Amino acid sequence: MQDFDVVVIGGGTSGLRAAIAAKRAGATVALISKNHPLRSNSALAQGGINAPLGKDDSPEKFAEDTLAAGDGLCEHGVVQSLAQEAAGEVLWLERMGVPFNRDKDGRIDRRAFGSNSRSRSCYADDRTGHMVLTVLYEQLQRLAIPSFDEWFVTALALDGETCVGATALGLRAGKLEGFTARAVILATGGYTRTYAPSTVSVGTTGDGQSLAYRSGARLMDMEMVQFHPTVFPKGQGLLITEATLGGGAEIVNQQGAAIQVAKTAPRSALSLAIAQATQNSDGGAYLDLKPIGKETILSSFPQTHELVRSVAGLDSTKDLIPIRPIAHRPMGGIETSANGATSIAGLFAVGECAANGLNGAGRLAGNTLTESVVFGKKVGEAAAVYAKSAPKKIFPAAMLADEEKKLAALTSADSGQDSLAKVHAELGRLMSEKIGLLRDADGLQQALSGIKDLQSRHRQIKVRNPGKIYNYELTGHLELGSMLTLAEVIARSAQARTESRGAHQRRDFPATDNANWKCHTIAKLSQGSAQIDNKPLAN
Amino acid sequence: MQVTFKIYRKDPEKDGKPGRSNYTVEVPDGATVLESLFKIRDEMDSSLAFRCSCLRGHCGDCMVRINGSSRLTCTAKVSAYTQKGPEISLDPLRNVSVIKDLVYDWDAFMWNKIRTVKPWLDASDAPTNGESVIADARMKDLRKVMSCYQCGMCDEGCSVLPVDINFLGPAALTKAYRLVFDPRNQDARDRLKTAEGPKGIWDCVHCYEADEHCPRGIEPTKRIVALRDEAYRLGITNEKVARHHKSFTASVKESGWVDEGRLAVETEGLTNLPGLMKLLPTAAKAIVRGKAPLPYLHAKRPGAEQIKKIIEKGEAENK
């Protein structure tokens, strides 16, 4: 049995920042990640990290833009806190070694990005997430924080109403082990793999939200799933950063003529505009990077150029790149306070995994990384403080054996004709079609019954591989289970919200209804199914 | 398109012996090797183990050998490997120990070696008013080096690792470069000492395979050469190869040509008695065969003064 003050689950930027902060606050800390931290989805963030560093900028203006993108559903206190602390965190990252692009005076350069009214996205070429992740991982090693890489968390351990750790499966040794903790921080990222296609990594399957929800925690605003406007849609989908639009790229039709959309609109509006502008034309929409100029493409967007070539087989300095809005990042997640406390004592959540009210109904471009470090630090420190005062809890004695039995029960040579991949593919299609950019009551009902059907098919599917070591069929089974659990919550939350706001657009309720719906949706597991309530904004 | 994948297999829970399984699958045009692997795992053999994460060339996790060459499966199109016939072989990298199938030991292969170079900046945690003011040209160089996504292709191509698995390798030494040449690092000298230690920069044979292999154009060999130059410049020359370089230069500078006797002695180190003793049989043989006529004298060659001037000019330029 491993024993720590704070156990952080998830090795992306939020988890790393939280682990570093908790350790600096004096706690013993361990990080558990189902893949190596440097392989996490944070590495895919490209465009930038927001901080109001410009002379023409201020925390107030930054807060205004964040609130506007959130379309009335943000918690003001949380937004203020992000706006106030963003600069300090970005400067900290700079000191720790992020190689930010510099302006002519040698200071951190900032660029236009999405619906930010000022140039406030600090960036490292088009690899900002990769660089921030790299530097945070360096600092994790500096503090000698033990990192359990390729350990898959199967359940949270509860002592009564309090979280006291987790069980995790070490993929390499094929062994299930218990981790005792006085505080557990979930930082497992989003749940966008419920959609297909999507912009995210293979492991972005909502494990943390699902673990928390099954343990009785409340989820918030789960219907809010942001679509990214400029994604090459073939194969696995390749996101092309909107920072290219800020740099002069155009959205055009097949003939190269500009499609009239407001390039600096919030993502939900831009995605809708692109979808609507192209729904009646066969050719669809394209991104034209040529106006940026070949030299700038190669120097400021080297990764975009490289991946457009290797993934799409196109030359970004010459060819038009087909684009379509595609599921990107959820705003919803585990309901938390600004300090990351969930509705379960001892359980914290942060980053894309959490919903603290920062993002409301839409996330401002460039805020994902800022959120992960500002709140990563805050939540790491809060968890360390909590751990100091928390009485030593007992890890439930029978839990490890129970979990082992549960996993063993999933395995059987006789698994029938159905398969995890088929169920996952159908789920992805259903989510994109019925709970995508535009939703309506009929579609949501179809989605829900489809999800119910897929859930029961999933329960019938067995893991055929009896092996213990690197059994990806087993972890895939658990991940799909998480996604199906959350899909139901997304569908029910989307059904409940009978209005249009931010990322949640209803054909049957096209107007924003502030009188009834300027509030969060809250989902709680009740008798095996999601019960949806409202929660008023704290503002 | 129907393609047969011939995949390296090893199951540590069975006999642990390497083998190969063949899977013939129908894959759509434009499919990647990774998508084919998913299909095989789902439809034919759920025990097949392989790694992947980002799915689109961002993270470096899915590196294997496709028809013998190291590639990321997520960006490798099947059609690029079937021109000679509908067969594709998939193997783990060469310089790794395999755990299961295409899953190999990244810790031993790379992560532990990177950890050896103390891969972090020792910066203060205290808040400051502003950022370090640094010209973008220096940051640009760091961004290039830090674009490394640890895919392992440089270590895979390395000529030294197959003969000395303990060599730190180009990936870890590229990390060292990032630490030594980051103007914000207070402990650059310490990091250079680490990289200069045993199995470090001097063990590179500058075959430039790492530069050929790196998919991001980071040129790890050039980074290693830059570390050597920096070590030399700062007088951090503790390793045998460094002494060899030093003695070589000194001898050519003084006499216009290499004094091989002196080179051998100084390379071993004047205080390294066991090393010097090892030279004795070679020296004796050389004397017997007339290669080192006694008394052993190393005369200046004609033009030595000019050669000295050239070396001095080079030294001045490097200061």
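The values are calculated or read from the model by the stated rules, or taken from the named source; none is laboratory data. Given the structure is predicted, the values throughout are model-derived calculations rather than measurements. With ideal geometry, Cβ positions are generated from the backbone for all residues, glycine too; neighbour counts draw on all protein chains shown.
Quick notes on this structure:
- Residue tally, condition over 30 Å from the mean Cα position of the chain (by Cα) and in a loop (DSSP other than H, G, I, E, B), over segment A:375-391: 1
- Of A:R120, A:R142, A:R110, all but one fail to be within 14 Å of chain B (Cβ to nearest Cβ) and touching a strand residue (DSSP E or B) at 6+ places or on another chain (Cβ under 7 Å); the exception is A:R110.
- Unique match (being in contact (Cβ under 8 Å) with a residue 24 or more places away in the chain and outside the structural domain of B:P28 (by TED's automatic domain parsing)) among B:M63, B:M110: B:M110
- Matching residues, segment A:142-154, being closer than 14 Å to A:S33 by Cα and not in a loop (DSSP other than H, G, I, E, B): A:S147, A:F148, A:D149, A:W151, A:F152, A:V153, A:T154
- Single match in B:T128, B:T75 (criterion: assigned by TED's automatic domain parsing to the domain that holds B:R216, polar (S, T, N, Q) and outside any helix (DSSP H, G or I)): B:T128
- Qualifying residue in segment A:23-34 (condition: under 18 Å from the mean Cα position of the chain (by Cα), in contact (Cβ under 8 Å) with a residue 60 or more places away in the chain and within 14 Å of another protein chain (Cβ to nearest Cβ)): yes
- Candidate set from segment A:457-502 (those that are touching a residue at least 60 places away in the same chain (Cβ under 8 Å) and of a type in the set (V, I, T)); member that is surrounded by the most Cβ atoms within 10 Å (Cβ to Cβ): A:I490
- Residue check for B:V252: closer than 21 Å to B:E317 by Cα, buried (at least 18 other Cβ atoms within 10 Å of the Cβ) and of a type in the set (V, I, T): yes
- Residues located in segment A:45-91, provided they are within 10 Å of chain B (Cβ to nearest Cβ) and either under 19 Å from the mean Cα position of the chain (by Cα) or without any contact (Cβ under 8 Å) to a residue 60 or more places away in the chain (or both): A:A45, A:Q46, A:A87, A:G88, A:L91
- Checklist (1) closer than 26 Å to A:L239 by Cα; (2) more than 7 Å from every other protein chain (Cβ to nearest Cβ); (3) at pLDDT 95 or above; (4) assigned to a loop (DSSP other than H, G, I, E, B) applied to A:P99, failing item: (2)
- Positions within segment B:184-203 being more than 14 Å from chain A (Cβ to nearest Cβ) and farther than 15 Å from B:P170 by Cα, in sequence order: B:R189, B:K193
- Test: residue in segment A:253-260 that is touching a strand residue (DSSP E or B) at 6+ places or on another chain (Cβ under 6 Å), surrounded by fewer than 23 Cβ atoms within 10 Å (Cβ to Cβ) and outside the structural domain of A:V8 (by TED's automatic domain parsing): yes
- Exactly one residue out of A:A355, A:A341, A:A384 is in the same structural domain as A:G10 (by TED's automatic domain parsing), at pLDDT 95 or above and touching a helix residue (DSSP H, G or I) at 6+ places or on another chain (Cβ under 6 Å), and it is A:A384.
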